Amino acid sequence: MIAKCIIQHDLPFAYVEYERVRSIWKYLNEDVKFISRNTSAADVYKFYENEAENLKRELVNLPGRISLTSDLWSAITQEGYMCLTAHYIDKNWKLNNKILAFCAVPSPHTDNATNNDTMQEMVKNQLMLRNDLLCGGEYFHVRCAAHVLNVIVQDGLAVIGDSLDQIRESIKYVQRSERREILFAKCVESVGIKHKAGLLLDVKTIWNSTYKMLDRALKYRAAFANLKVPHIQLPTCTSCMQVWKINNWLTVNEFSDDEVIRIMIVPMKEKFDKYWEEVSDIFAMTTVLDPRLKLTLANYCFGKLDKSSCQQKIEQLKSKLPTLFESYENKSVFASHSTKTHETDYQRDDNEGKRGSFSNYDVFGFEVSSSSCFKNCRFCFFRNYRFSRSGLMSKILVLKKLQDFLAFRKETVVASGKTSLQMYLDESAIDMKNFESLDILKYWKDNSQRYGELASMACDLLSIPITTVASESSFSIGTRVLSKYRSCLLPKNVQTLIYSRNWLKGFEAYENEEEKELIGEDEALPYFQSIVDDEETA
């Protein structure tokens, strides 16, 4: 419990030696046995080792594939660290994000697009030699949408950099002393502004914090004018927060009457076009696997981006989906452990018993046990189990009949002229209004038997992250673990604490803290349906 307390609340190992802490323990239990900081460090490391083994076992038995994101971070001690995060859907169809590595990296700490491209190409070539990638590795590398979006916006903001600097200085001027804050509050009252959120100062490298700063500052524009601070200018600045709406905004404003906007558009559109070309297929495929959308959202977005090429892009999408699907059809349960089909028990919930798998089907005259012969069919039976001669022959017969059945089922599907992908696309989409909060992963879990290999494909595609935000969130943990008050921690202990903190609590706690800093209590980000409604109204 002490180890978990240290991990979760970012406490120093010496916490157990604090005089007041020990006095509390002594008060609660007269016979308490105190431990030293070395013992607490050893306990934390023991917790880490146990959780590492548990994670290894989980990853070995995953039904689908694993997506990885990575990023670099420089600590307050100037040491460089690299974080590698795994994203996957587990056997209960729950999306997981787990840190696999948080290791010290020798200088120089150069992390740019060229180095990343070189790295991923090397990894891709190694995996291609083992034939471990689908479609020749076409979908192996997906660039971080958040990074690209930041680059696009930063290029645009550079055009109005002088104005932004003046806005920042104006906000700093007000916040620099209590007297100025009182004076500004009087100005707000005198011009009749009712907003209570207050001013925000941005982090220059984070575009959405700049957006929040401008959004707040514009609401207080009249108050700034009344304050009569010299050299303050507040231009009207527009930002678009939805990735799929960016191109539409760029196109509309490409021939704006405002010369500043026209100049901003050129580098922003260039960056967007380059990124969109690389990721449009992945984005489109994942939307197709939402049973409420299927091909409709892809049609809508492609049409908004470029009506002249919309039909061509849709046809391209329709051709790439079956190609990817064939990779899953061709990798049967007997050929690949990593892409098991839906007949295995990985998709059933622990509380569902053996329902929904072949585990309790007696159609072959024998009970097929997923925990023995079926689950381990691609391995030698003698590796984990010992059978009598008659028992082994029975199990071989089971497998033979099972193979015959699967072959028969495949022939039946072919005879009908439709694959499960075609069946899925041909069926009407689920009504959006009645299923606004549909859990898509649960949908595919519940329909995994019906759609077979298509569910396996959905499992992999829906686990692909489009950003490295999860990896970057680990750096929020890092700033607490390796702060100016704990700057002497060894890299081994830094890694142990960050791994354990992530495996114990995940990223969510720190993400929520950061979100509250950027979003006031009276504000909220728009949800998907509201964006669609706004677009249709426009």
> List, please: which pairs have Cβ atoms under 9 Å, are six or more places apart or on different chains, and start with a residue in segment 167-181 that is part of a helix (DSSP H, G or I) and end with one that is among the charged types (D, E, K, R) and open to solvent by 80 Å² or more (accessible area, probe 1.4 Å)?
Replying inline: Arg168/Lys204; Val174/Glu181; Gln175/Glu181
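Criterion first (of a type outside the set (D, E, K, R) and either at pLDDT 85 or above or open to solvent by 10 Å² or more (accessible area, probe 1.4 Å) (or both)) does Leu250 satisfy it? Walk me through it before giving the result.
Values: of a type outside the set (D, E, K, R): yes; either at pLDDT 85 or above or open to solvent by 10 Å² or more (accessible area, probe 1.4 Å) (or both): no.
In short, no.
Among the residues of segment 65-103, which ones are of a type in the set (Lys, Arg) and more than 15 Å from the chain's Cα centre (by Cα)?
First, pick out the residues of segment 65-103 that are of a type in the set (Lys, Arg): 65, 91, 94, 98.
The answer is Lys91, and nothing else.
Return yes when Asp117 is surrounded by 15 or more Cβ atoms within 10 Å (Cβ to Cβ) and either aliphatic (A, V, I, L, M) or not in a loop (DSSP other than H, G, I, E, B) (or both) and no when it is not.
Numbers: surrounded by 15 or more Cβ atoms within 10 Å (Cβ to Cβ): no; either aliphatic (A, V, I, L, M) or not in a loop (DSSP other than H, G, I, E, B) (or both): yes.
No, not satisfied.
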>> Just to be sure I understand, how many residues within segment 1-38 are assigned to a loop (DSSP other than H, G, I, E, B) and either within 27 Å of the chain's Cα centre (by Cα) or of a type outside the set (A, V, I, L, M) (or both)?
In response: 10
>> Suppose we filter Phe184, Phe140 for residues that are aromatic (Phe, Trp, Tyr), in contact (Cβ under 8 Å) with a residue 12 or more places away in the chain and assigned to a helix (DSSP H, G or I); which single one remains?
In response: Phe184
> Going by the conditions given, is Phe272 modelled with pLDDT of 75 or more, closer than 21 Å to Ser163 by Cβ, touching a helix residue (DSSP H, G or I) at 6+ places or on another chain (Cβ under 7 Å) and part of a helix (DSSP H, G or I)?
Replying inline: no
> Between a first residue in segment 277-294 that is closer than 16 Å to Ile466 by Cα and a second residue that is among the hydroxyl-bearing types (Ser, Thr, Tyr), which pairs have beta carbons less than 7 Å apart while being 6 or more apart in sequence or on different chains?
Replying inline: Ile282/Tyr139
> Applying the selection to segment 437-456, what residues are surrounded by 13 or more Cβ atoms within 10 Å (Cβ to Cβ) and either free of Cβ contacts under 8 Å to residues at least 24 places away in the same chain or of a type in the set (Phe, Trp, Tyr) (or both)?
Replying inline: Tyr443, Trp444, Asp446, Asn447, Tyr451
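Of all residues being among the small types (Gly, Ala, Ser) and farther than 15 Å from Leu289 by Cα in segment 416-436, which is least open to solvent (accessible area, probe 1.4 Å)? Just the residue, please. I'd like the intermediate steps shown before the answer.
Of all residues in segment 416-436, those among the small types (Gly, Ala, Ser) come to 416-417, 420, 428-429.
Keeping just the survivors that are farther than 15 Å from Leu289 by Cα gives 416-417.
Numbers: Ser416: 79, Gly417: 53 Å².
Residue satisfying both the conditions and the ranking: Gly417.
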>> I want to confirm something. Restricting to segment 145-186 and keeping residues that are closer than 19 Å to Glu259 by Cβ and among the small types (Gly, Ala, Ser), which single residue is farthest from the chain's Cα centre (by Cα)?
In response: Ser163
> Among Ala101, Ala41, Ala52, Ala86, which is open to solvent by less than 40 Å² (accessible area, probe 1.4 Å), at pLDDT 90 or above and part of a strand (DSSP E or B)?
Replying inline: Ala86
> Is there a residue being farther than 23 Å from Ala225 by Cβ and surrounded by fewer than 16 Cβ atoms within 10 Å (Cβ to Cβ) anywhere in segment 170-178?
Replying inline: no
> Out of all the residues in segment 465-503, which are open to solvent by 10 Å² or more (accessible area, probe 1.4 Å) and at pLDDT 85 or above?
Replying inline: Trp503
> Quick one: is Leu68 open to solvent by 70 Å² or more (accessible area, probe 1.4 Å), assigned to a strand (DSSP E or B) and on the phi < 0 side of the Ramachandran plot?
Replying inline: yes
> Which of (1) closer than 30 Å to Ser463 by Cα; (2) open to solvent by less than 30 Å² (accessible area, probe 1.4 Å) is the odd one out, the single condition Ile265 does not satisfy?
Replying inline: (1)
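Looking at segment 71-83, which of the residues that are of a type in the set (A, V, I, L, M) and either touching a Lys or Arg at 6+ places or on another chain (Cβ under 9 Å) or assigned to a loop (DSSP other than H, G, I, E, B) (or both) is farthest from Pro106 (Cα to Cα)? Break it down stepwise before answering.
Taking segment 71-83 first, the residues of a type in the set (A, V, I, L, M) are 72, 75-76, 82.
From the residues that got through so far, the ones that are either touching a Lys or Arg at 6+ places or on another chain (Cβ under 9 Å) or assigned to a loop (DSSP other than H, G, I, E, B) (or both) too are 75-76.
Numbers: Ala75: 12, Ile76: 15 Å.
Filtering first and then ranking leaves Ile76.
The values are calculated or read from the model by the stated rules, or taken from the named source; none is laboratory data. Please read all numbers here as calculations on a predicted model, not as lab measurements. Note: ideal-geometry Cβ built from the backbone for every residue, glycine included; neighbour counts use all protein chains shown. All accessible areas refer to the heavy atoms of the entire protein, side chains included, with ligands and DNA or RNA removed. Shrake-Rupley method; radii C 1.70, N 1.55, O 1.52, S 1.80 Å.
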